[in-house]
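Each value in this text was obtained by applying a stated rule to the coordinates, not by laboratory testing. Since the model is a prediction, treat every value here as computed from it, not as a measurement. So basically every Cβ, Gly included, is an ideal-geometry build from the backbone, and we count neighbours across all protein chains shown.
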Amino acid sequence: MNDASRRIRLSIALALWLGAVAGVAAQDATPSRGLGAVRFEGIDRALADQLRLALSLTRLNKSQREKISEARLGFLLRRTEAEARRALQPLGYYSAQIAVTTQVRDGRSEVLVRIDPGASVRVGTLALGIDGAAESDRAVQRALGRFRPGVGALFRDAEYESGKRAIDRVLAE
């Protein structure tokens, strides 16, 4: 590759990068004086309450919301989609569609998080087994019988991990 080709490619790459940076920063061209409301659309109140606990943006206190810089707000906005996705997964939602938009109202940036959680994941089949001497142990068999989530139940990470720990405890005895 000659120097002219290298310069052209570098110029194109720089132009694309600058365009991407400008696009992220240009959701609303009016500068804000802090963070206003953060609203959720497309999910019920219980799920929205769970997300409020998980998002960096919604955990800011009043003083932090009033004094937040544009750069910090932009950083938190860029993280919001991934944080929401991670918060929904342990609740059984692994294919959520999430869109985050901002709008300046009364001088403050207001955030709308639109979520289509998708279908919740349910347990289709469950095959638990123990090989070896523990296979015939009644306590182990009881633990296997109480394992949750069961077939047809909503798959929740916490319940699944709890079921594994219960079996581990019985096996450790």
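Below is a table of values for the structure above.
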| item | result |
| --- | --- |
| Whole-Å distance, taken between Cα centres, linking the range 117-170 and the range 32-98 | 33 |
| Surrounding net charge for Leu53, when Lys and Arg each add one and Asp and Glu each subtract one, Cβ distance under 14 Å | +2 |
| Inverse of mean 1/r across different Cα pairs in the range 41-106, Kirkwood, Å | 13.0 |
| Distance in nm between pseudo-label sites at Glu70 and Ile130 (7 Å out along the Cβ direction from Cα) | 6.3 |
| Kirkwood Rh and Cα Rg combined as Rg over Rh, evaluated for the range 81-144 | 1.38 |
| Whole-number Å³ per residue for the convex hull built on Cα positions in the range 108-173 | 114 |
